[in-house]
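Below is one structure, written out as structure tokens; comments come after it.
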Amino acid sequence: MGLTRNSKQGSVRRASSSEGFGSASSYSNTSSFGSLADLGNDNSPDDLGNISVVVRVRPLSEREIQRNDDTIIQVLSHEQIMMRPDVRANGQSAITGSQSTFNQTLTAKSFTFNAVFDQTATQSEMMEKSGVAKIIAMAMEGYSTTVFCYGQTGSGKTHSLTGPPHLDQPDPFSEEHGLIYRAFVHLFDRLKEKSKSDCTYIIKASFLEIYNEKVIDLLNLSTFKKPLQVRWSRVAGGFYVENLFTVECEEFDDLLAVLEEGMKNRAVGSHGMNDYSSRSHTILTVHVISELQASEEGVYLSRHGKINFVDLAGSEMTKKTNSQGKTLEEANNINKSLMVLGYCISQLSDPRKRNGHIPYRDSKLTQLLSDSLAGNGVTLMVACVSPARSNLSETLNTLRYAARAKHIRNKPVVVMDPREALILSLKREVMALQEENVHLRNLVDMEKSVNNQQRPSTSVIRSATPAEEDLLIGAALTTPRLGDLPTQEAQELLHSLLQENRALRKENTDLYSLREALLRQQEAVTKQNERLIKQIEDCLNNLSCVFTDLGVFVDNFCSYDWNIGRVQPVSKFESQFQFNLFLGNIGTEYTYNPRASNWTRSVQQYIDK
Ligand code: ADP
Ligand code: MG
């Protein structure tokens, strides 16, 4: 694919085609950072590590206005939003005589988020107040960050990320540019500011799409026919997409070309395979690799930060749309990944469950977002909602989903290769020893004692043998400087310095052996992990057969929307068959007794904290 952009500033070069989207959670932790919880301000200790959630309410659409749909959303403050389905726009009650006031769907509900944007919020306000600037700052420091938009189809996800559909040929001054374009501008502004520091930055980008559980590279059209594989990286300790193009971007325009190329190919794909643009998830990843010179001998410390911009597909309801055949498969796959995502969020937000098994492997989307959701990443969720009464249940689901995501706690750490950190510490040891040697050599005045022979290089560290040590002491005692000291005292001083030197040398050797042992240990653990993962995959494959049967059952017998629930098989015994169905914050347990051929049901309510 010729990825060149005829712009005045630069061209896009392909950098690599191996590990593109990946995480690196196994890398060592050098420092941790707070969350975006407070967005533009200083971190508040209570919110450290939590996923940051903002909500954007779009204006009523033309169609909604034409059919006199009324607004059921009130934005109470910068952080609070209220659903008032009980009141009509004209102030009259929406509850008719036949409806009970206890009707759940018509009850007013309020939610608090990190920020709430009403119908009038502009794209630039979104950029300023949603916390994206902080996400960029953290990516530049080496954190793995994610901005993801969630909401029903037509709620404004793509609008918030990339702008309205007619913004195909971006006018650089358009007010309509979404968060991605604005984030690119902000990133290159920050890079320019840092251009005089010791740190050098390399920017790379990739753009992929998940459609029908298949990963398509939006920068490589051939993958429309042959999708890419998601694999587990032993080295990085996370999932990545094999053979995904990662393009090096030297200039702002290069990054913009990646965005344009991906958006264009997404459209090309959608013509060839029906209009699925809102039925696929897209992930645009900007890698920010920084290199800092850590010592004068050319030791560099590299950090690998990244920003994932995720545009999730809108949820589809198979029952409502009467989907069949291919459309049904599409809808089920969209729902599957959203359902798995919802389930992962639900597990992660529950302190009792977050340390248990989180089923990231159940969908491509959750595999690729695992690091952002609960690993070492920093995540900003932009929940998009429609204000219209006709979308009441979807809006309520989105707000509940978002409220749950707010409870997830991440452990943001800078991605840094542990070997680089170890080498750096060993280098420091070596430098300390070299200084020690120089000091000793000065004391004994080697130049005199070896009859004006050339002084040995101080950069080579070699252990002095006991005989050499005696010689050194002897030589030192004959020099005028040390000779001024009483013999006993000078001897003791030199002994202590040599002992110190020996200890440092030993410590250095120990560190090297420790490093070797660590590497061997790491390899053994990785191998063991791979075996376990294989076993888990086998188990999950068996489980998914059960899951499919249950899915058919739920689809046929339960009147719930797929996008808000998840069927979790619990156990399969001879005498009974049990599974849980999570819908919003209601957990329903179904038990099937084959002997009696009947199902029993018990309901548990989870209280959102
Ligand atoms: P989604 O990606 O969630 O399916 P879109 O972003 O495509 O939805 O939005 C659907 C339509 O609504 C588009 O025409 C978009 O331009 C418009 N829209 C969405 N959000 C806003 C907003 N905040 N202001 C103006 N128009 C919006
Ligand atoms: Mg969209």
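When PHE173 is tested against (1) in contact with a helix residue (DSSP H, G or I) (Cβ under 8 Å, 6 or more places away or on another chain); (2) of a type in the set (Phe, Trp, Tyr); (3) surrounded by fewer than 18 Cβ atoms within 10 Å (Cβ to Cβ), exactly one condition is not met: (1). Check GLY163, GLY156, GLY178 and return the single one that is within 16 Å of ligand 2 (Cβ to nearest atom), out of contact with any helix residue (DSSP H, G or I) (no Cβ under 9 Å at 6 or more places or on another chain) and of a type outside the set (Asp, Glu). The conditions single out GLY156. Considering only residues in region 291-304 that are modelled with pLDDT of 70 or more and out of contact with any Asp or Glu (no Cβ under 8 Å at 6 or more places or on another chain), the one that is nearest to PHE184 (Cα to Cα) turns out to be HIS304. Which residues, counting only those in region 225-240, are free of Cβ contacts under 8 Å to residues at least 60 places away in the same chain and touching a Lys or Arg at 6+ places or on another chain (Cβ under 9 Å)? If the condition is that a residue be free of Cβ contacts under 8 Å to residues at least 60 places away in the same chain and touching a Lys or Arg at 6+ places or on another chain (Cβ under 9 Å), then PRO227, LEU228 are the ones that fit. Only one entry in SER197, SER206 is away from ligand 1 (no atom under 15 Å from the Cβ), without any contact (Cβ under 8 Å) to a residue 60 or more places away in the chain and at negative phi, namely SER197. Among the numbered conditions (1) modelled with pLDDT of 85 or more; (2) within 16 Å of ligand 1 (Cβ to nearest atom); (3) closer than 28 Å to ARG279 by Cβ; (4) part of a loop (DSSP other than H, G, I, E, B), the only one that GLU175 does not meet is (3).
GLU250 fulfils the conditions (1) of a type in the set (D, E, K, R); (2) touching a Ser or Thr at 6+ places or on another chain (Cβ under 8 Å); (3) modelled with pLDDT of 80 or more; (4) over 19 Å from ASN220 (Cα atoms) except for a single criterion, (2).
Yes/no matrix, rows are residues, columns are (1) at pLDDT below 80; (2) surrounded by fewer than 17 Cβ atoms within 10 Å (Cβ to Cβ); (3) not in a loop (DSSP other than H, G, I, E, B):
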| position | (1), (2), (3) |
| --- | --- |
| PRO85 | yes, no, no |
| ASN90 | yes, yes, no |
| PHE102 | yes, yes, no |
| THR105 | yes, yes, yes |
| PHE111 | no, no, yes |
| ALA121 | no, no, no |
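Taken as a whole, the structure places LEU161 among residues that are within 16 Å of ligand 1 (Cβ to nearest atom) and aliphatic (A, V, I, L, M). Of the residues contained in region 204-217, none is found to be within 16 Å of ligand 2 (Cβ to nearest atom), touching an Asp or Glu at 6+ places or on another chain (Cβ under 9 Å) and outside any strand (DSSP E or B).
One residue stands out in region 137-153 among those that are closer than 21 Å to ALA405 by Cβ and more than 14 Å from ligand 2 (Cβ to nearest atom): the one that is surrounded by the most Cβ atoms within 10 Å (Cβ to Cβ), namely SER144.
The values are calculated or read from the model by the stated rules, or taken from the named source; none is laboratory data. All values reported here derive from a predicted model rather than from experimental measurement. Every residue, glycine as well, gets a Cβ built from its backbone with ideal geometry; the counts of neighbours run over all protein chains shown.
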